[in-house]
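Q: The structure's right below; bear with me while I get my questions together.
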Amino acid sequence: GQGFELRQPEEKASVKAGETLTLTCTMSQGGPAGPVKWLKGWGSGNKIVYDQKGSFPRVTRAVSESDTDFSIHITDMQPEDTGTYYCVKFRKAVGGVDEVFQRGKGTEVSVYAKPTPPVVSGPGRRAGPGQPVSVTCTAGGFFPENIGVKWLKDEAPISAQQPQITLGRTKSSYNVSSTVTMTLQEDDVRSQLVCEVQHPTLTAPLRGTYPLSKALRVPPRVRVVADPPSPVEANKIENFTCHVEGFYPENVVVTWLENGMEMKVEDISQPMQTPQGLFALRSLVEVKATEEKNGSVFTCRVVHDGQDPISEMAALRIAAWSSPGNT
């Protein structure tokens, strides 16, 4: 064994997830009897990656049958394959146990993995204009850990908290979470947040989007208009129109009450979308101005998106009139 030399030249190697890694190891002729193995890690936690005996489906010899070149190819590298790999020449010892004769310096292998496409999630409940909401962007499965997260609102950059980077389940890849908190505006119904993730493995950033309409609730403005204006002549038709304006989302329930009792109303209007992306509707009730209805109060009650009702009212006033012959 004098003059025997084992060469493992590469100190570091990196490969993208899914690709094949080549590890180089050559040795001089004339070493002692005994196998050559590749180990991942050194000491008690090591793992045999390749041995001349046994089956290693992901590993092939670069030069099969050579007794001086023990370079190997490992296919489909994954982040959990990150670690230090050693080429080791063993010597057959007394009692049949192989002992280490020479080992290489070790090649530190990094597996570069792309982040998963970012997932952007908003609050569990809607909030109104002027209220803050937090939106979070997460991505995972990447290596190395240096990653950049940028937020845009309608393509203009906005500032966010420092992203949180944590080790993944396999301990060889990372996850990132970034949160942005912003105050909603009424016109955010058409706005979109974009989370952009940049990483060394990517040629272009990955983007996740979140429409702010998912988080926004704009309560309606409600007004009741009487036509013709009060007071009206007896037995004429009085129209009360309830204008429900500028609300989002569109789920709204409109009911009419006469002196606190619910009325049957045929004219159920459907919400129409405004150019700003909000909704509006009108509901009409027709009332015959009979003497007994003088002073009756008509209330339009609006329940928007399951919130507390908003009510507006108008009273029916009949003009004082004198019957003929009372002169």
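Q: Could you tell me the center-to-center distance, by alpha carbons, between segment 64-140 and segment 273-318 in angstrom?
A: Value for the Cα centre distance between the two parts: 66 Å.
Q: If DNA, RNA and ligands are ignored and the probe is 1.4 Å, what is the ranking of Ser44, Ser159, Ser71 by accessible area, most exposed first? Spell out each step's value before the answer.
A: Values: Ser44 130, Ser159 105, Ser71 5 Å².
If we order Ser44, Ser159, Ser71 from most to least accessible, we get Ser44, Ser159, Ser71.
Q: Considering only the chain, what is the antiparallel percent among its DSSP beta bridges, to the nearest 5?
A: Values: 92 of 99 bridges.
Beta bridges within the chain, antiparallel portion: roughly 95 percent.
Q: Here's something else I'd like to know. Have a look at Val252, Val176, Val197 and tell me which one the Gaussian network model of the chain (Cα, springs below 10 Å) gives the largest fluctuation.
A: Result: Val252 has the largest fluctuation of those listed.
Q: Follow-up. Send over the Kirkwood Rh of segment 16-98, from the inverse of the averaged 1/r over different Cα pairs, rounded to one decimal Å. All intermediate terms of the calculation are to be shown ahead of the outcome.
A: Values: mean 1/r = 0.0727 Å⁻¹.
Hydrodynamic radius (Kirkwood, Cα only) of segment 16-98 equals 13.7 Å.
Q: Arranged from highest to lowest average of other beta-carbon atoms within 10 Å per residue, in what order do the peptides 166-172, 254-260 appear?
A: Details: 166-172: 12.6, 254-260: 15.6.
Sorting 166-172, 254-260 by mean packing, highest first, produces 254-260, 166-172.
Q: Over the chain, with a single point scatterer placed on each C-alpha, what log10 of the ratio I(q)/I(0) does the Debye formula yield at q = 0.11, 0.15 1/Å?
A: Once normalised to I(0) and log-transformed, intensities are -0.84, -1.11.
Q: Taking the full set of protein chains and a 1.4 angstrom probe, give the accessible area of Ile310 in square angstrom, rounded to the nearest 10.
A: Here the residue's solvent-accessible area equals roughly 50 Å².
Q: Just need log10 I(q)/I(0) for segment 179-267 at q = 0.19 Å⁻¹, Debye formula, equal scatterers on the alpha-carbon atoms, no solvent, rounded to two decimals.
A: These q points yield log10 I(q)/I(0) values of -1.00.
Q: At a 1.4 Å probe, what is the % contribution of carbon and sulfur to the accessible area of segment 116-214? Write out the running numbers ahead of the final one.
A: Values: 2550 of 5280 Å².
Reported share for carbon and sulfur atoms: 48 percent.
Q: Same structure again: When N is the residue count of segment 150-298, what does its C-alpha Rg come to as a fraction of 2.2 N^0.38 Å? Before the final figure, lay out each step's value.
A: Working: Rg = 25.7 Å, N = 149, 2.2 N^0.38 = 14.7 Å.
Here the answer is 1.74, to two decimals.
Q: Could you look at segment 271-314 and say what percent of its accessible area is carbon and sulfur, using a 1.4 Å probe and all protein chains? The partial results should precede the final answer.
A: Working: 1180 of 2410 Å².
Answer for segment 271-314: carbon and sulfur cover 49 percent of the accessible area.
Q: Here's a follow-up. What are the lysines whose alpha-carbon lies under 28 Å from the alpha-carbon of Lys37, with same-chain residues fewer than 8 places away excluded?
A: Straight-line reach from Lys37, under 28 Å: Lys12, Lys16, Lys47, Lys53, Lys89, Lys92, Lys105, Lys171.
Q: Another question, then. So, how do all the Cα-to-Cα distances of segment 90-219 break down into 5 Å bins, in percent, from 0 on up?
A: 2, 10, 17, 16, 12, 9, 7, 6, 4, 3, 3, 3, 2, 2, 2, 1, 0, 0
Q: At q = 0.12, 0.16 Å⁻¹, work out log10 I(q)/I(0) for segment 221-316 with the Debye formula, treating every Cα as an identical point scatterer and leaving solvent out; two decimals please.
A: Values returned for q = 0.12, 0.16 Å⁻¹ are -0.38, -0.65.
Q: Another question, then. Above 24 angstrom, tally the Cα pairs of segment 1-140 and express them as a % of all pairs, no decimals.
A: Value for segment 1-140: 44 percent of Cα pairs lie more than 24 Å apart.
The values are calculated or read from the model by the stated rules, or taken from the named source; none is laboratory data. Remember, it's a predicted structure, so these values are computed and weren't measured experimentally. Neighbour counts run over all protein chains shown; Cβ positions are idealised from the backbone, glycine included. Side chains included, ligands, DNA and RNA excluded: accessible areas come from the protein's heavy atoms. Shrake-Rupley method; radii C 1.70, N 1.55, O 1.52, S 1.80 Å.
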